[in-house]
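Notes follow the structure.
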Amino acid sequence: MARPLRIKFPGAFYHVMNSGNTGMKIYRSERDREKFLFKQGFEKQGNSPTENPETPPNADELIQAVSDEFDCGIKNILRKGKKSNLARHVAIYLCWQLTGATSVALGRRFDICGAGIAARHARIAKKLRTDRKLKGRDDRIRRKIQNI
């Protein structure tokens, strides 16, 4: 089913977001970007879309708390490539849950695409429902963050 058409009226504000998969650029040049925005109805005098918000400052504290709980280094959590890195997946899950950051902003922080953030979040959410030991670790990290 197609999404409903955008309702347009004078003076309205719209949130427009376009991003390439795995961080790929979607415009060949700045001129292409401007042409696209012009076709979408954006004008240069102040109606340009804003950049995505950066990761909130407490994400670093969260990553440190996960690092302490899993007894691994922060570099191990931020390093991509290892598929079974439970500490990394828990850090991604908690950052998305507790910081309010978008998956795109967190993707920049963890060096993966936004879809990868969503996949890891879903995987850990499912595992938390069945794994009591992981649930206990999650609770300890949350308590530690609240006391910081």
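The values are calculated or read from the model by the stated rules, or taken from the named source; none is laboratory data. Since we're looking at a predicted model, the values are computed, not measured. Backbone-built Cβ (ideal geometry, glycine too); neighbour counts: all protein chains shown.
Things worth noting here:
- Single match in Ile145, Ile92, Ile141 (criterion: assigned to a helix (DSSP H, G or I), surrounded by fewer than 19 Cβ atoms within 10 Å (Cβ to Cβ) and among the β-branched types (Val, Ile, Thr)): Ile145
- Among the residues listed as Ala105, Ala119, Ala115, the single one being small (Gly, Ala, Ser), assigned to a helix (DSSP H, G or I), under 18 Å from Arg79 (Cβ atoms) and out of contact with any Cys (no Cβ under 8 Å at 6 or more places or on another chain): Ala119
- Residue check, Arg31 part of a loop (DSSP other than H, G, I, E, B), modelled with pLDDT of 70 or more and not hydrophobic (A, V, I, L, M, F, W, C): no
- Set side by side, the residues Lys75, Lys80 differ, and just one is modelled with pLDDT under 85 and closer than 27 Å to Gly20 by Cα, which is Lys80.
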